[in-house]
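*Asks:* One structure coming up, written as C-alpha coordinates, with questions to follow.
The values are calculated or read from the model by the stated rules, or taken from the named source; none is laboratory data. Quantities reported herein were computed from a predicted structural model and do not represent experimental measurements. Positions of Cβ are generated from backbone atoms using ideal geometry, with glycine treated the same way; all protein chains shown enter the neighbour counts. Heavy atoms of the whole protein, side chains included, go into the accessibility calculation; ligands, DNA and RNA do not. Shrake-Rupley method; radii C 1.70, N 1.55, O 1.52, S 1.80 Å.
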Amino acid sequence: MKQKSKSLILTIAINACRILLAGTFIFSGFVKANDPLGTVYKFEDYLSAMAWFTLPQTFLLACAVILAFVEFTIGTHLLFGINRRGTARVATVFMAAMTILTTYIAIANPVSDCGCFGDVIILSNEETLAKNIILLAASIFICRFYRLQKDFLTAGAKWFIVLISFCFIIGYAIYCVVFLPCIDFRPYKIGTNLLQSATTAGQEYDVKIIYTK
(Lines give C-alpha, C1' and ligand atoms only; values in the text may rest on other atoms or scores of the structure.)
Protein backbone atom coordinates (compact mmCIF):
# COMPACT_ATOMS: atom_id res chain seq x y z
CA MET A 1 0.00 0.00 0.00
CA LYS A 2 2.83 2.40 0.88
CA GLN A 3 4.60 1.49 -2.36
CA LYS A 4 1.50 2.39 -4.39
CA SER A 5 1.14 5.65 -2.51
CA LYS A 6 4.78 6.59 -3.21
CA SER A 7 4.37 5.65 -6.87
CA LEU A 8 1.25 7.80 -7.15
CA ILE A 9 2.98 10.79 -5.53
CA LEU A 10 5.98 10.37 -7.86
CA THR A 11 3.70 10.18 -10.90
CA ILE A 12 1.85 13.33 -9.85
CA ALA A 13 5.15 15.15 -9.23
CA ILE A 14 6.55 14.11 -12.62
CA ASN A 15 3.47 15.27 -14.50
CA ALA A 16 3.32 18.51 -12.51
CA CYS A 17 6.92 19.24 -13.55
CA ARG A 18 6.02 18.26 -17.09
CA ILE A 19 3.11 20.74 -17.21
CA LEU A 20 5.29 23.46 -15.67
CA LEU A 21 8.01 22.94 -18.27
CA ALA A 22 5.56 22.58 -21.15
CA GLY A 23 3.72 25.76 -20.21
CA THR A 24 6.94 27.74 -19.86
CA PHE A 25 8.38 26.54 -23.17
CA ILE A 26 5.13 27.10 -25.08
CA PHE A 27 4.69 30.57 -23.60
CA SER A 28 8.31 31.55 -24.23
CA GLY A 29 8.23 30.23 -27.81
CA PHE A 30 4.93 31.96 -28.57
CA VAL A 31 6.15 35.29 -27.18
CA LYS A 32 9.29 35.11 -29.32
CA ALA A 33 7.24 34.18 -32.41
CA ASN A 34 4.91 37.08 -31.66
CA ASP A 35 7.81 39.56 -31.87
CA PRO A 36 10.82 38.06 -33.70
CA LEU A 37 12.29 41.52 -34.34
CA GLY A 38 12.26 42.18 -30.59
CA THR A 39 14.31 39.01 -30.13
CA VAL A 40 16.72 40.26 -32.80
CA TYR A 41 17.20 43.52 -30.89
CA LYS A 42 17.90 41.53 -27.73
CA PHE A 43 20.47 39.43 -29.60
CA GLU A 44 22.13 42.65 -30.74
CA ASP A 45 22.14 43.93 -27.15
CA TYR A 46 23.98 40.79 -26.04
CA LEU A 47 26.54 40.98 -28.84
CA SER A 48 27.14 44.67 -28.21
CA ALA A 49 27.34 44.38 -24.41
CA MET A 50 29.71 41.43 -24.55
CA ALA A 51 31.83 43.12 -27.25
CA TRP A 52 31.85 39.99 -29.37
CA PHE A 53 31.05 40.63 -33.02
CA THR A 54 28.22 41.86 -35.22
CA LEU A 55 26.02 39.64 -37.32
CA PRO A 56 23.62 40.49 -40.16
CA GLN A 57 20.07 41.21 -39.03
CA THR A 58 18.76 38.65 -41.52
CA PHE A 59 20.80 35.92 -39.84
CA LEU A 60 19.70 37.04 -36.37
CA LEU A 61 16.07 37.10 -37.52
CA ALA A 62 16.38 33.51 -38.75
CA CYS A 63 17.89 32.57 -35.37
CA ALA A 64 14.99 34.30 -33.59
CA VAL A 65 12.40 32.32 -35.57
CA ILE A 66 14.32 29.06 -35.03
CA LEU A 67 14.58 29.72 -31.28
CA ALA A 68 10.83 30.37 -31.09
CA PHE A 69 10.20 27.15 -33.03
CA VAL A 70 12.51 25.08 -30.82
CA GLU A 71 10.99 26.32 -27.56
CA PHE A 72 7.40 25.98 -28.77
CA THR A 73 8.08 22.48 -30.14
CA ILE A 74 9.71 21.28 -26.91
CA GLY A 75 6.69 22.62 -25.02
CA THR A 76 4.09 20.91 -27.20
CA HIS A 77 6.05 17.64 -27.17
CA LEU A 78 6.18 17.73 -23.37
CA LEU A 79 2.51 18.63 -23.05
CA PHE A 80 1.25 15.85 -25.30
CA GLY A 81 3.84 13.22 -24.35
CA ILE A 82 5.45 13.02 -27.78
CA ASN A 83 8.74 11.08 -27.78
CA ARG A 84 8.86 11.31 -24.00
CA ARG A 85 12.45 10.16 -23.50
CA GLY A 86 13.98 12.19 -26.33
CA THR A 87 12.00 15.31 -25.49
CA ALA A 88 13.02 15.10 -21.82
CA ARG A 89 16.67 14.87 -22.85
CA VAL A 90 16.43 17.80 -25.26
CA ALA A 91 14.68 19.90 -22.60
CA THR A 92 17.41 19.06 -20.09
CA VAL A 93 20.23 19.97 -22.49
CA PHE A 94 18.45 23.18 -23.47
CA MET A 95 17.87 24.23 -19.86
CA ALA A 96 21.44 23.34 -18.90
CA ALA A 97 22.76 25.63 -21.66
CA MET A 98 20.36 28.42 -20.66
CA THR A 99 21.31 28.07 -16.99
CA ILE A 100 25.02 28.37 -17.79
CA LEU A 101 24.34 31.45 -19.93
CA THR A 102 22.12 33.13 -17.34
CA THR A 103 24.65 32.38 -14.59
CA TYR A 104 27.20 34.39 -16.55
CA ILE A 105 24.63 37.14 -17.17
CA ALA A 106 23.70 37.30 -13.48
CA ILE A 107 27.38 37.65 -12.52
CA ALA A 108 28.66 39.94 -15.31
CA ASN A 109 25.36 41.83 -15.74
CA PRO A 110 25.96 42.76 -19.42
CA VAL A 111 22.24 43.49 -19.97
CA SER A 112 19.48 44.42 -17.54
CA ASP A 113 16.88 42.02 -18.96
CA CYS A 114 17.49 38.63 -20.55
CA GLY A 115 14.47 38.98 -22.85
CA CYS A 116 13.28 35.42 -22.18
CA PHE A 117 9.64 36.47 -22.28
CA GLY A 118 9.99 39.55 -24.45
CA ASP A 119 8.08 42.59 -23.22
CA VAL A 120 5.34 40.46 -21.65
CA ILE A 121 7.21 39.61 -18.44
CA ILE A 122 10.36 41.51 -17.51
CA LEU A 123 12.66 39.58 -15.18
CA SER A 124 15.89 40.68 -13.57
CA ASN A 125 19.00 38.65 -14.27
CA GLU A 126 18.85 37.09 -10.80
CA GLU A 127 15.17 36.18 -11.23
CA THR A 128 15.93 34.65 -14.62
CA LEU A 129 18.72 32.54 -13.14
CA ALA A 130 16.45 31.32 -10.32
CA LYS A 131 13.74 30.48 -12.86
CA ASN A 132 16.17 28.50 -15.02
CA ILE A 133 17.57 26.56 -12.05
CA ILE A 134 14.04 25.47 -11.13
CA LEU A 135 13.25 24.48 -14.72
CA LEU A 136 16.56 22.63 -15.05
CA ALA A 137 15.81 20.65 -11.89
CA ALA A 138 12.33 19.84 -13.23
CA SER A 139 13.73 18.71 -16.60
CA ILE A 140 16.33 16.47 -14.92
CA PHE A 141 13.57 14.98 -12.77
CA ILE A 142 11.45 14.24 -15.85
CA CYS A 143 14.45 12.84 -17.70
CA ARG A 144 15.09 10.43 -14.83
CA PHE A 145 11.48 9.19 -14.65
CA TYR A 146 10.27 9.89 -18.19
CA ARG A 147 8.16 6.70 -18.30
CA LEU A 148 5.83 8.12 -15.65
CA GLN A 149 4.64 10.85 -18.00
CA LYS A 150 1.01 10.16 -18.88
CA ASP A 151 0.57 9.12 -22.50
CA PHE A 152 -3.01 9.65 -23.67
CA LEU A 153 -2.71 10.08 -27.46
CA THR A 154 -2.38 7.67 -30.34
CA ALA A 155 0.63 7.78 -32.66
CA GLY A 156 -1.50 9.29 -35.43
CA ALA A 157 -2.76 12.07 -33.16
CA LYS A 158 0.79 12.87 -32.09
CA TRP A 159 1.97 13.25 -35.69
CA PHE A 160 -1.01 15.51 -36.37
CA ILE A 161 -0.09 17.72 -33.39
CA VAL A 162 3.56 17.87 -34.54
CA LEU A 163 2.46 19.00 -38.02
CA ILE A 164 -0.05 21.56 -36.73
CA SER A 165 2.35 23.05 -34.16
CA PHE A 166 5.13 23.31 -36.77
CA CYS A 167 2.92 25.08 -39.31
CA PHE A 168 1.40 27.35 -36.66
CA ILE A 169 4.58 28.61 -34.99
CA ILE A 170 6.54 29.11 -38.23
CA GLY A 171 3.58 30.72 -40.00
CA TYR A 172 2.79 32.93 -37.03
CA ALA A 173 6.41 34.10 -36.69
CA ILE A 174 6.62 34.96 -40.39
CA TYR A 175 3.31 36.82 -40.22
CA CYS A 176 4.53 38.87 -37.25
CA VAL A 177 7.76 39.71 -39.07
CA VAL A 178 5.81 41.05 -42.05
CA PHE A 179 2.91 42.72 -40.23
CA LEU A 180 4.39 43.40 -36.76
CA PRO A 181 3.21 41.66 -33.56
CA CYS A 182 -0.41 40.49 -33.54
CA ILE A 183 -0.50 41.03 -29.77
CA ASP A 184 1.51 44.14 -29.02
CA PHE A 185 3.15 44.00 -25.58
CA ARG A 186 5.69 46.70 -26.38
CA PRO A 187 5.78 49.60 -23.89
CA TYR A 188 5.47 52.22 -26.63
CA LYS A 189 3.11 50.49 -29.05
CA ILE A 190 1.07 52.47 -31.58
CA GLY A 191 -1.53 54.66 -29.89
CA THR A 192 0.30 54.94 -26.55
CA ASN A 193 0.34 58.32 -24.81
CA LEU A 194 4.09 58.78 -24.43
CA LEU A 195 3.85 61.52 -21.79
CA GLN A 196 1.42 59.51 -19.67
CA SER A 197 3.51 56.33 -20.01
CA ALA A 198 6.68 58.14 -18.97
CA THR A 199 4.89 59.64 -15.95
CA THR A 200 3.41 56.28 -14.97
CA ALA A 201 6.81 54.60 -15.20
CA GLY A 202 8.29 57.25 -12.93
CA GLN A 203 10.77 58.37 -15.58
CA GLU A 204 11.63 61.93 -16.53
CA TYR A 205 12.64 62.93 -20.02
CA ASP A 206 14.11 66.17 -21.21
CA VAL A 207 12.59 66.59 -24.66
CA LYS A 208 14.35 68.98 -27.03
CA ILE A 209 13.13 69.80 -30.52
CA ILE A 210 16.01 70.91 -32.73
CA TYR A 211 15.34 72.43 -36.10
CA THR A 212 18.19 72.27 -38.58
CA LYS A 213 18.35 73.58 -42.11
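*Asks:* Which residues, counting only those in the range 50-61, are part of a helix (DSSP H, G or I) and out of contact with any helix residue (DSSP H, G or I) (no Cβ under 9 Å at 6 or more places or on another chain)? I'd like the intermediate steps shown before the answer.
*Replies:* Let us first name the residues in the range 50-61 that are part of a helix (DSSP H, G or I), namely 57-61.
Within the range 50-61, 58, 59 qualify.
*Asks:* Got at least one residue in the range 94-107 being in contact (Cβ under 8 Å) with a residue 12 or more places away in the chain and among the aromatic types (Phe, Trp, Tyr)?
*Replies:* Yes, the range 94-107 has at least one match.
Residue by residue, here is whether (1) at pLDDT 95 or above; (2) charged (D, E, K, R); (3) assigned to a helix (DSSP H, G or I); (4) open to solvent by less than 90 Å² (accessible area, probe 1.4 Å) holds:
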residue: 139; (1), (2), (3), (4): yes, no, yes, yes
residue: 143; (1), (2), (3), (4): no, no, yes, yes
residue: 150; (1), (2), (3), (4): no, yes, no, no
residue: 157; (1), (2), (3), (4): no, no, yes, yes
residue: 162; (1), (2), (3), (4): no, no, yes, yes
residue: 184; (1), (2), (3), (4): no, yes, no, yes
residue: 190; (1), (2), (3), (4): no, no, no, no
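*Asks:* Could you tell me which of the residues 64, 96 is farther than 18 Å from residue 140 by Cα and either touching a helix residue (DSSP H, G or I) at 6+ places or on another chain (Cβ under 9 Å) or open to solvent by less than 20 Å² (accessible area, probe 1.4 Å) (or both)?
*Replies:* When all the criteria are applied, what remains is 64.
*Asks:* Let me ask something additional. Give 43, 27 a once-over and let me know the one that is touching a strand residue (DSSP E or B) at 6+ places or on another chain (Cβ under 9 Å), within 18 Å of residue 117 (Cβ to Cβ) and assigned to a helix (DSSP H, G or I).
*Replies:* 27
*Asks:* Next question, about the same structure. Would you mind stating whether residue 105 is among the aliphatic types (A, V, I, L, M) and outside any helix (DSSP H, G or I)? Walk me through how you get there before you give the answer.
*Replies:* Working: among the aliphatic types (A, V, I, L, M): yes; outside any helix (DSSP H, G or I): no.
No.
*Asks:* Determine the pairs where a residue that is within 26 Å of residue 25 (Cα to Cα) and at pLDDT below 85, located within the range 47-71, has a partner that is β-branched (Val, Ile, Thr) and open to solvent by 40 Å² or more (accessible area, probe 1.4 Å) with Cβ atoms under 8 Å apart, the partner being 6 or more residues away or on another chain.
*Replies:* Going by the 8 Å Cβ cut-off, the qualifying pairs are 47/54.
*Asks:* Tell me the residue from 163, 123 that is within 27 Å of residue 34 (Cα to Cα) and over 19 Å from the mean Cα position of the chain (by Cα), please. Steps first, answer last, please.
*Replies:* On the way: 123 fails: over 19 Å from the mean Cα position of the chain (by Cα).
Unique residue meeting the criteria: 163.
*Asks:* Right, something else. Which residues, counting only those in the range 164-181, are in a loop (DSSP other than H, G, I, E, B) and modelled with pLDDT of 85 or more?
*Replies:* If the condition is that a residue be in a loop (DSSP other than H, G, I, E, B) and modelled with pLDDT of 85 or more, then 181 is the only one that fits.
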